Amino acid sequence: MRSIHLDRVTKSFRGEMVVEKLSLTIPGGKFFALLGPSGSGKTTLLRLIGGFEKVDSGHIYVGSQDITDLPINKRSVNTVFQSYALFPHLNVFDNVAYGLRVKGVSAPDVKHKVLQVLAKVHLEKYAYKSIEQLSGGQQQRVALARAVVNEPKVLLLDEPLGALDRNLKDQMLVELVDLQYELKTTFVYVTHDQTEALAVADQMAIMNDDGEIEQVGTPKEVYEFPATSFVAQFVGKTNLFKGILCEQPGAQALEVAGLGSFLVTIDATKCSTESGKAVLLSIRPEKIEINKDEQVGFDNHVIGRVDGMIYHGRATEYLVDVAGHRINVFEQNEEHFARDLISESDTVHLYWQKENAVVLER
């Protein structure tokens, strides 16, 4: 269970900076996700760790070993690519066995190791099938088996499920989590899909368009308590409002132009509590209650008009206009469909508690 540490790593291509003096620690034996938009540098980081690209400056460590200048075959790091990169002329067994044979492992040990790892990915019955006879999900499992059969200390996964449909992707996510838990190998999973990252990761790092790390934390920390407006908007949906901090008797509040004053809870370690400071307020759509009737017991309340409704199956998204501000609200669809009573153009009441709104530095 080896941790990975990147120390002030810099990489540019043809004079264009991709990552600059980036430092990051990935804990050993964990499922770690690198999440960011296309072009943020996350795949470049993966290729630097794997040895497919050389750093311009800085160092990369696996455990206490500096692997910055080690060739790929000396790193004990394996990579699974989105394209799978399987040998079409070899069957499943021979694809998985290839790396072991290159290392000179004896035939009996090769057979034992290959069949053992194929059992882990539920492909033992397909050992002697042609690659072309397998589905996309089965080919992905072969690629995983080939990567883990060499018992790497670190497994890098570069958008490995990008070519799969939604249902198959969901199934593979569960299998990846189970595999990592069983192997206890450090997994580094690169994706631009925040749903995937939230589903699989023990910890995650969010990269912005400039190749900088915006936040590192557990999926719950990142989603519930985003550190920046970029994280709040990139990981899930949110409602963002510009406001000015103000004081009310015995409480902290935020004045939003056109909407009024709202009670808030501020983490002083992450945001200044100075009165008069310009900040942002982030409220997740599912944290807002919607009702046609006025309710009591909530810290904050606004009245608006339903401009649109989007049915998502398990939930309905309401687009509500409040004094010119568009507010998104998600509500789970209940069995009795009580919310069918809400229609477009209806006047509705929106409520939220102060602890469900996150104050961010501008």
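The values are calculated or read from the model by the stated rules, or taken from the named source; none is laboratory data. Everything numeric in this text was worked out from a predicted model, so none of it was measured. Note that we place each Cβ from the backbone using ideal geometry, even for glycine, and neighbour counts take in every protein chain shown.
Here is a check on your reading of the model: is Asp178 under 21 Å from the mean Cα position of the chain (by Cα), within 30 Å of Arg8 (Cβ to Cβ) and surrounded by fewer than 17 Cβ atoms within 10 Å (Cβ to Cβ)?
So Asp178 does not fit the description; no.
Taking the conditions exactly as written (surrounded by fewer than 16 Cβ atoms within 10 Å (Cβ to Cβ), not hydrophobic (A, V, I, L, M, F, W, C) and not in a helix (DSSP H, G or I)), does Lys242 satisfy them or not?
So Lys242 fits the description; yes.
Scan the range 258-312 for residues that are surrounded by fewer than 17 Cβ atoms within 10 Å (Cβ to Cβ) and aromatic (Phe, Trp, Tyr) and report the count.
2
Can you name the residue in the range 118-177 that is among the hydroxyl-bearing types (Ser, Thr, Tyr) and in contact with a strand residue (DSSP E or B) (Cβ under 8 Å, 6 or more places away or on another chain) and is also farthest from Lys103 (Cα to Cα) among such residues?
Ser130
Are any of the residues in the range 261-269 farther than 30 Å from Ala147 by Cα, touching a Pro at 6+ places or on another chain (Cβ under 8 Å) and assigned by TED's automatic domain parsing to the domain that holds Gln332?
no
What about Leu198, is it farther than 21 Å from Leu45 by Cβ and modelled with pLDDT of 90 or more?
Considered against the rule, which asks whether it is farther than 21 Å from Leu45 by Cβ and modelled with pLDDT of 90 or more, Leu198 comes out as no.
I need the full set of residues from the range 209-220 which are at pLDDT 95 or above and surrounded by fewer than 16 Cβ atoms within 10 Å (Cβ to Cβ), in order please.
The answer is Thr218, Lys220.
Can you tell me which residue among Val320, Val279, Val358 is in contact with a helix residue (DSSP H, G or I) (Cβ under 9 Å, 6 or more places away or on another chain), part of a strand (DSSP E or B), within 28 Å of Ala227 (Cβ to Cβ) and of a type in the set (A, V, I, L, M)?
Exactly one residue qualifies, and that residue is Val358.
Do you know which residues across the range 3-60 are in a strand (DSSP E or B), among the acidic types (Asp, Glu) and touching a strand residue (DSSP E or B) at 6+ places or on another chain (Cβ under 8 Å)?
Passing the criteria: Asp7, Glu20.
Among the residues of the range 225-239, write down those that are without any contact (Cβ under 8 Å) to a residue 60 or more places away in the chain and not polar (S, T, N, Q).
Phe230, Val231, Gly236
Ser76 - would you say it is surrounded by fewer than 19 Cβ atoms within 10 Å (Cβ to Cβ), at pLDDT below 90 and either more than 24 Å from the chain's Cα centre (by Cα) or at positive phi (or both)?
yes
Restricting to the range 274-317, give me the number of residues that are basic (Lys, Arg) and within 21 Å of Ala257 (Cα to Cα).
So the answer is 3.
Thr79: out of contact with any His (no Cβ under 8 Å at 6 or more places or on another chain) and either in the same structural domain as Phe187 (by TED's automatic domain parsing) or part of a helix (DSSP H, G or I) (or both), yes or no?
Taking the combined requirement at face value, the residue satisfies it.
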